[in-house]
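Asks: Can you read through this structure? Questions will come right after.
The values are calculated or read from the model by the stated rules, or taken from the named source; none is laboratory data. Please read all numbers here as calculations on a predicted model, not as lab measurements. A quick note on method: Cβ atoms are made from the backbone with ideal geometry, for glycine too, and the neighbour counts reach across all protein chains shown. Only protein heavy atoms, including side chains, enter the accessible area calculation; ligands, DNA and RNA are left aside. Shrake-Rupley method; radii C 1.70, N 1.55, O 1.52, S 1.80 Å.
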Amino acid sequence: MVNFINADKTVRPYKKEIKKLFSHTCAYLGQPDYIAVTVKFVNKEEIKNINARCRNIDKITDVLSFPFLNISAGDVINKEDFPFDLDNDEIYLGDIAVCTEKAAEQAEEYGHSFKRELFYLILHGFLHLLGYDHMTEDDKKLMRLKEEEILTGMDIE
(Lines give C-alpha, C1' and ligand atoms only; values in the text may rest on other atoms or scores of the structure.)
Protein backbone atom coordinates (compact mmCIF):
# COMPACT_ATOMS: atom_id res chain seq x y z
CA MET A 1 0.00 0.00 0.00
CA VAL A 2 1.19 3.50 -0.81
CA ASN A 3 0.30 6.47 1.37
CA PHE A 4 0.64 9.87 -0.29
CA ILE A 5 1.34 13.09 1.58
CA ASN A 6 1.05 16.49 -0.14
CA ALA A 7 0.17 15.05 -3.54
CA ASP A 8 -0.34 18.42 -5.25
CA LYS A 9 -1.79 19.21 -8.68
CA THR A 10 1.45 18.19 -10.42
CA VAL A 11 1.32 14.72 -8.85
CA ARG A 12 -2.41 13.96 -8.50
CA PRO A 13 -2.90 12.86 -12.13
CA TYR A 14 -0.29 10.13 -11.62
CA LYS A 15 -1.43 8.62 -8.31
CA LYS A 16 -2.95 5.45 -9.80
CA GLU A 17 0.08 4.93 -12.03
CA ILE A 18 2.44 5.49 -9.09
CA LYS A 19 0.62 2.74 -7.21
CA LYS A 20 1.11 0.53 -10.27
CA LEU A 21 4.82 1.42 -10.20
CA PHE A 22 5.07 -0.03 -6.69
CA SER A 23 3.08 -3.16 -7.65
CA HIS A 24 5.11 -3.65 -10.81
CA THR A 25 8.39 -3.20 -8.93
CA CYS A 26 7.38 -5.72 -6.25
CA ALA A 27 6.36 -8.26 -8.88
CA TYR A 28 9.54 -7.68 -10.91
CA LEU A 29 11.76 -8.11 -7.83
CA GLY A 30 9.80 -11.05 -6.43
CA GLN A 31 8.61 -9.06 -3.42
CA PRO A 32 5.24 -9.65 -1.75
CA ASP A 33 2.28 -7.34 -2.20
CA TYR A 34 1.93 -6.66 1.54
CA ILE A 35 4.57 -3.93 1.57
CA ALA A 36 3.62 -0.40 2.68
CA VAL A 37 5.45 2.88 2.06
CA THR A 38 4.76 6.58 2.42
CA VAL A 39 5.65 9.04 -0.34
CA LYS A 40 5.74 12.68 0.64
CA PHE A 41 5.95 15.34 -2.05
CA VAL A 42 7.82 18.46 -0.95
CA ASN A 43 9.23 21.71 -2.28
CA LYS A 44 12.89 22.77 -2.39
CA GLU A 45 12.84 24.42 1.02
CA GLU A 46 11.31 21.34 2.66
CA ILE A 47 13.73 18.87 1.07
CA LYS A 48 16.67 21.08 2.01
CA ASN A 49 15.46 21.21 5.63
CA ILE A 50 14.92 17.44 5.75
CA ASN A 51 18.35 16.83 4.20
CA ALA A 52 20.02 19.16 6.73
CA ARG A 53 18.16 17.74 9.71
CA CYS A 54 18.46 14.06 8.85
CA ARG A 55 21.71 13.83 6.89
CA ASN A 56 23.60 16.94 8.00
CA ILE A 57 23.77 18.04 4.35
CA ASP A 58 22.50 21.60 3.95
CA LYS A 59 21.50 21.51 0.29
CA ILE A 60 18.58 20.78 -2.00
CA THR A 61 18.30 17.27 -3.37
CA ASP A 62 15.73 15.45 -5.51
CA VAL A 63 14.78 12.41 -3.42
CA LEU A 64 15.45 11.06 0.06
CA SER A 65 14.65 7.63 1.46
CA PHE A 66 14.20 6.68 5.08
CA PRO A 67 14.21 2.90 5.48
CA PHE A 68 12.37 1.42 8.42
CA LEU A 69 13.95 -2.01 7.95
CA ASN A 70 17.55 -3.08 7.51
CA ILE A 71 17.55 -5.26 4.39
CA SER A 72 19.98 -5.92 1.57
CA ALA A 73 19.37 -5.74 -2.16
CA GLY A 74 17.74 -8.94 -3.32
CA ASP A 75 16.41 -9.96 0.09
CA VAL A 76 12.84 -11.18 -0.20
CA ILE A 77 10.69 -9.64 2.50
CA ASN A 78 8.48 -12.04 4.40
CA LYS A 79 6.33 -11.73 7.48
CA GLU A 80 8.31 -14.29 9.44
CA ASP A 81 11.43 -12.10 9.38
CA PHE A 82 9.98 -8.63 9.92
CA PRO A 83 7.37 -7.01 12.14
CA PHE A 84 4.11 -6.22 10.41
CA ASP A 85 1.00 -4.22 11.14
CA LEU A 86 -1.60 -6.60 12.51
CA ASP A 87 -4.46 -4.27 11.55
CA ASN A 88 -3.43 -3.97 7.91
CA ASP A 89 -1.36 -7.15 7.57
CA GLU A 90 1.47 -5.13 5.98
CA ILE A 91 5.19 -4.69 6.43
CA TYR A 92 6.11 -1.01 6.56
CA LEU A 93 9.31 -0.34 4.58
CA GLY A 94 9.76 3.38 5.19
CA ASP A 95 9.34 6.86 3.78
CA ILE A 96 10.32 8.55 0.53
CA ALA A 97 10.48 12.35 0.12
CA VAL A 98 10.40 13.66 -3.46
CA CYS A 99 11.03 17.29 -4.38
CA THR A 100 8.58 17.98 -7.21
CA GLU A 101 10.25 21.32 -8.04
CA LYS A 102 13.59 19.56 -8.50
CA ALA A 103 11.89 16.80 -10.53
CA ALA A 104 10.47 19.42 -12.92
CA GLU A 105 13.86 21.12 -13.29
CA GLN A 106 15.64 17.83 -13.94
CA ALA A 107 13.03 16.70 -16.46
CA GLU A 108 13.72 19.84 -18.47
CA GLU A 109 17.48 19.52 -18.01
CA TYR A 110 17.53 15.87 -19.13
CA GLY A 111 15.04 16.42 -21.95
CA HIS A 112 12.30 14.08 -20.84
CA SER A 113 8.85 14.39 -19.30
CA PHE A 114 8.00 15.38 -15.75
CA LYS A 115 6.24 12.03 -15.41
CA ARG A 116 9.37 10.10 -16.35
CA GLU A 117 11.50 12.05 -13.85
CA LEU A 118 8.91 11.78 -11.09
CA PHE A 119 8.57 8.02 -11.56
CA TYR A 120 12.35 7.60 -11.72
CA LEU A 121 12.81 9.46 -8.43
CA ILE A 122 10.04 7.52 -6.69
CA LEU A 123 11.44 4.23 -7.96
CA HIS A 124 14.96 5.24 -6.93
CA GLY A 125 13.71 5.97 -3.42
CA PHE A 126 11.75 2.70 -3.30
CA LEU A 127 14.79 0.69 -4.35
CA HIS A 128 16.74 2.29 -1.49
CA LEU A 129 14.01 1.09 0.90
CA LEU A 130 14.49 -2.38 -0.60
CA GLY A 131 18.21 -2.30 0.19
CA TYR A 132 19.65 -1.15 -3.13
CA ASP A 133 22.35 1.49 -3.10
CA HIS A 134 24.96 3.15 -5.29
CA MET A 135 27.94 3.45 -2.97
CA THR A 136 30.17 1.19 -5.09
CA GLU A 137 30.38 1.06 -8.88
CA ASP A 138 28.95 -2.48 -8.96
CA ASP A 139 26.04 -1.49 -6.69
CA LYS A 140 25.39 1.57 -8.85
CA LYS A 141 25.32 -0.53 -12.03
CA LEU A 142 22.88 -3.01 -10.47
CA MET A 143 20.59 -0.26 -9.20
CA ARG A 144 20.60 1.59 -12.54
CA LEU A 145 19.88 -1.67 -14.37
CA LYS A 146 16.88 -2.39 -12.12
CA GLU A 147 15.61 1.19 -12.52
CA GLU A 148 15.76 1.06 -16.32
CA GLU A 149 14.25 -2.42 -16.57
CA ILE A 150 11.37 -1.52 -14.25
CA LEU A 151 10.59 1.77 -15.99
CA THR A 152 10.86 0.15 -19.42
CA GLY A 153 8.51 -2.59 -18.25
CA MET A 154 5.96 0.12 -17.52
CA ASP A 155 6.57 1.87 -20.87
CA ILE A 156 8.17 4.85 -19.14
CA GLU A 157 11.31 5.70 -21.06
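Here is a yes/no grid of residues against (1) under 15 Å from the mean Cα position of the chain (by Cα); (2) among the aliphatic types (A, V, I, L, M); (3) closer than 14 Å to L118 by Cβ:
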{"site": "I35", "(1), (2), (3)": "yes, yes, no"}
{"site": "V42", "(1), (2), (3)": "yes, yes, yes"}
{"site": "I57", "(1), (2), (3)": "no, yes, no"}
{"site": "S72", "(1), (2), (3)": "no, no, no"}
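Asks: Okay, next question. Restricting to the stretch 129-151, name every residue that is open to solvent by 60 Å² or more (accessible area, probe 1.4 Å) and either without any contact (Cβ under 8 Å) to a residue 24 or more places away in the chain or hydroxyl-bearing (S, T, Y) (or both).
Replies: H134, M135, T136, E137, D138, K140, K141, R144, L145, E148
Asks: Another one. Name, by its number, the condition in (1) in contact with a Leu (Cβ under 7 Å, 6 or more places away or on another chain); (2) surrounded by 18 or more Cβ atoms within 10 Å (Cβ to Cβ); (3) assigned to a loop (DSSP other than H, G, I, E, B) that does not hold for I77.
Replies: For I77, the failing item is (1).
Asks: Within the stretch 6-55, how many residues turn out to be open to solvent by 70 Å² or more (accessible area, probe 1.4 Å), more than 23 Å from I150 (Cβ to Cβ) and not charged (D, E, K, R)?
Replies: The qualifying residues number 3.
Asks: Just to be sure I understand, how many residues within the stretch 91-104 are under 13 Å from the mean Cα position of the chain (by Cα) and modelled with pLDDT under 90?
Replies: Result for the stretch 91-104: 0.
Asks: Another question, then. If you go through the stretch 109-128, how many residues are open to solvent by less than 10 Å² (accessible area, probe 1.4 Å) and more than 11 Å from the chain's Cα centre (by Cα)?
Replies: 1
Asks: Of the residues N88, N78, N6, which is at positive phi and at pLDDT below 95?
Replies: N6
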